[in-house]
Amino acid sequence: MPVYTVSALLVYSLMWAAFEGLMWLAILVTSERPFPFLNTFQSRIESTLARVFRRPAATVAEIFLLVFVGRLLLIPIAPIPQPKIVDDFSQLLAADTFAHGRVTNPTHPMWFYFETFMVNQKPTYHSMYPPATGLVLAAAQVLTGQPWYGMLFATAAAAAGICWMLRGWVPPRWAPWGSLVFVLATSKTNLTATYSGENLVVLGGALVLGAIRRIVRERNFAASIWLGVGAALLATTRPYEGAVLVTGLVLGGIYWALTSGISARTLLGKVALPVASVLLPVLLAVGYLNWRTTGSPLIAPYQLNLVQQHITRPFIWQKPANPPPVYDHAAIASFYDQWELDWWKKTRGFRGLPLFVADKLATVYAWVLWPLGLVTGLGVYQLLKHSGRRFLAWAFAFFLMGLCLEAYQALSRYVAPALSLMLLLAVYGLRYTGVWRRKTHHGQRIARSATIIIPIVLLLRVGTGFAYSLNQKRWYITRDVIERKLDNLPGKQLVIVRYSPEHIPVEEWVFNRADIDSAKVVWARDVRERGNADLLAYFKDRNVWLLEPDGQVPKLTAYRP
């Protein structure tokens, strides 16, 4: 992750704010001036949506199928993506482990050569991430041979979950629109093109939010099960951010329920117990996984990875490790003791506060909220006046406060638990816009125009991003090409990766399957101090290659000791 400056982050945020301003200018113009073509287009879109989603009970399933099948149809022009970032490779290791019926793997005798980011080598060999994403990827790997279909399923399920959530809070016609905006918004942040599982996080947040409305207003206590499922998904994907979101929503929901006439005894018996019946087995399973991977049910793989690899710590009140971890490889050390530690130093104290705040602002607004910043703010402002629903605005503020307690550079995945809440706030903002100046229908025309132009703007951003990516030479594409080439050669292959001093640490090539010895292609680090002698002796039955990835073109040659 590059370390940005305050000015760069502010300029970036202001640039997207200007684009949002231009979008609203277009919305105002089209709402006030007669454009026959646009009016006809709007009417056809609205009638098509009303016809397709005419059966409210089937809308959620239709949204799921539309997203799932629609993405499958796009594969010829947007192929199944390769893993891009270290988090993707780590999640795929978890998937491969689960797919082989194991919760972890024994430490490999040559583990020293296989050390890499986001993966623990001792006391067992496993991904550092919570298990939900790996389990979904593993299911797809077992059923289809391709883990990515698990992420496609998660994307479709998240869209359907948002549709279900919105149907509980707002009139049904807003539900398909919100799902469409979610799909387009996550496409612009690449959530649908990675293996990191953010869409499972979004699904968890949507289930929690949708269940609370049904429990309190409809007295539908069966929705407590969905509340438990949503909380379990958050606990097994993004535990901290999920806990912050659930805390804010549940506390607000309890207050709303009590002031709506639901007794504390009813909440305990018909809500808390069903939620506990879902969460307790999940937490016990997580404890078992922790015990098998780290040796303690109370120490998660992520916590162990913090101790083994990271110098800095997740929260702003924590100081860097002293003494720091001892790194065996320069490429790993350069990330933690330069990039990560440099960020921590630049965001400490009063002088570092502007950079810290600018980073959070740029991530939340430009990468997640845009182009819904204005209507989300309007939704928050109006909901604060509503006695029953103002807790939604406070829960959003509480979540953002929790996000500001994290010391690391902000990423869009950290905000994923609250994405469904942001969409709900934005929909409320549009609904309040629609009743502005009701006598003249001025606000109604603005809201109607916005519901068409906002998806169009998001689609344009997705399209320009896709066109830009076609001309980019990405290291992970080259890695995939090399691995496929080696996989087609006779016999087993060993690739020794030799980085230059100028290597970019996050462009990490050394990732392996769960069962390293059985893998057709094994990736290992070049350790010149050892001469790689023990590695070569262990894999004496393999063809050995030397990969030098840091030139203009990665160079693969036969290895010569």
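Numbers below:
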{"item": "Failed item, numbered, when I75 is tested on (1) touching a helix residue (DSSP H, G or I) at 6+ places or on another chain (Cβ under 7 Å); (2) farther than 18 Å from E198 by Cα; (3) free of Cβ contacts under 8 Å to residues at least 24 places away in the same chain; (4) not small (G, A, S)", "result": "(1)"}
{"item": "Number of the exception - S334 against (1) in contact with a helix residue (DSSP H, G or I) (Cβ under 8 Å, 6 or more places away or on another chain); (2) outside the structural domain of A231 (by TED's automatic domain parsing); (3) part of a helix (DSSP H, G or I); (4) farther than 29 Å from T236 by Cα", "result": "(1)"}
{"item": "Candidate set: the stretch 487-527, residues that are under 24 Å from D337 (Cα atoms), touching a helix residue (DSSP H, G or I) at 6+ places or on another chain (Cβ under 8 Å) and among the β-branched types (V, I, T); chosen: the one surrounded by the fewest Cβ atoms within 10 Å (Cβ to Cβ)", "result": "V506"}
{"item": "Selection within the stretch 266-297 - among the polar types (S, T, N, Q) and modelled with pLDDT under 95", "result": "T266"}
{"item": "Leading residue by the ranking (modelled with the lowest pLDDT) among those in the stretch 519-528 that are basic (K, R) and assigned to a loop (DSSP other than H, G, I, E, B)", "result": "R528"}
{"item": "Condition check for G531: in the same structural domain as V103 (by TED's automatic domain parsing), part of a loop (DSSP other than H, G, I, E, B), surrounded by fewer than 19 Cβ atoms within 10 Å (Cβ to Cβ) and in contact with a Pro (Cβ under 8 Å, 6 or more places away or on another chain)", "result": "yes"}
{"item": "Test: residue in the stretch 419-431 that is free of Cβ contacts under 8 Å to residues at least 40 places away in the same chain, over 26 Å from A78 (Cα atoms) and touching a helix residue (DSSP H, G or I) at 6+ places or on another chain (Cβ under 6 Å)", "result": "no"}
{"item": "The stretch 545-561, subset out of contact with any Lys or Arg (no Cβ under 9 Å at 6 or more places or on another chain) and crowded, with 16+ Cβ neighbours inside 10 Å, residue nearest to W475 (Cα to Cα)", "result": "W545"}
{"item": "Filter result (closer than 15 Å to Y428 by Cα and either touching a Leu at 6+ places or on another chain (Cβ under 7 Å) or not charged (D, E, K, R) (or both)) within the stretch 154-175", "result": "I162, C163, M165, L166, G168, W169, V170, P171, P172, W174, A175"}
{"item": "Count of residues meeting criterion [aliphatic (A, V, I, L, M) and either assigned to a helix (DSSP H, G or I) or out of contact with any strand residue (DSSP E or B) (no Cβ under 9 Å at 6 or more places or on another chain) (or both)] in the stretch 509-518", "result": "1"}
{"item": "Options L72, L66; residue that is in a helix (DSSP H, G or I), within 26 Å of W370 (Cα to Cα) and modelled with pLDDT of 90 or more", "result": "L66"}
{"item": "Failed item, numbered, when V136 is tested on (1) within 16 Å of the chain's Cα centre (by Cα); (2) modelled with pLDDT under 95; (3) over 23 Å from T363 (Cα atoms)", "result": "(2)"}
{"item": "Unique match (being modelled with pLDDT of 90 or more and in a helix (DSSP H, G or I)) among L361, L353, L378", "result": "L378"}
{"item": "G377 vs. criteria at positive phi and surrounded by fewer than 19 Cβ atoms within 10 Å (Cβ to Cβ)", "result": "no"}
{"item": "Cβ pairs under 8 Å, 6+ apart, first in the stretch 329-346 and farther than 11 Å from P505 by Cα, second in a helix (DSSP H, G or I)", "result": "K345/G352; K346/G352; K346/L355"}
{"item": "Those residues of the stretch 471-499 which are among the hydroxyl-bearing types (S, T, Y) and under 18 Å from A558 (Cα atoms), in sequence order", "result": "T478, Y499"}
{"item": "Test for G230: is it part of a helix (DSSP H, G or I) and buried (at least 23 other Cβ atoms within 10 Å of the Cβ)", "result": "yes"}
{"item": "Residues of the stretch 252-269 that turn out to be assigned to a helix (DSSP H, G or I) and either touching a strand residue (DSSP E or B) at 6+ places or on another chain (Cβ under 7 Å) or not hydroxyl-bearing (S, T, Y) (or both), as a count", "result": "11"}
{"item": "Residue within the stretch 166-177 that is over 27 Å from G205 (Cβ atoms), in the same structural domain as R413 (by TED's automatic domain parsing), part of a helix (DSSP H, G or I) and not aromatic (F, W, Y) present", "result": "no"}
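Conditions tested, residue by residue: (1) modelled with pLDDT under 95; (2) surrounded by fewer than 24 Cβ atoms within 10 Å (Cβ to Cβ).
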{"site": "S179", "(1), (2)": "yes, no"}
{"site": "N190", "(1), (2)": "yes, yes"}
{"site": "N199", "(1), (2)": "yes, no"}
{"site": "A211", "(1), (2)": "no, no"}
{"site": "F221", "(1), (2)": "yes, yes"}
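For (1) surrounded by fewer than 17 Cβ atoms within 10 Å (Cβ to Cβ); (2) modelled with pLDDT under 95; (3) in contact with a Pro (Cβ under 8 Å, 6 or more places away or on another chain); (4) on the phi > 0 side of the Ramachandran plot, each residue gets a yes or a no:
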| site | (1), (2), (3), (4) |
| --- | --- |
| G388 | yes, yes, no, no |
| A393 | no, no, no, no |
| F398 | no, no, no, no |
| A407 | no, yes, yes, no |
| S412 | no, yes, no, no |
| A418 | no, no, no, no |
| L421 | no, no, no, no |
| L425 | no, no, no, no |
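The values are calculated or read from the model by the stated rules, or taken from the named source; none is laboratory data. Just so it is clear, the structure is predicted and the values come from calculations on it, not from any experiment. Ideal geometry is used to build each Cβ from the backbone, glycine not excepted, and the neighbour counts take in all protein chains shown.
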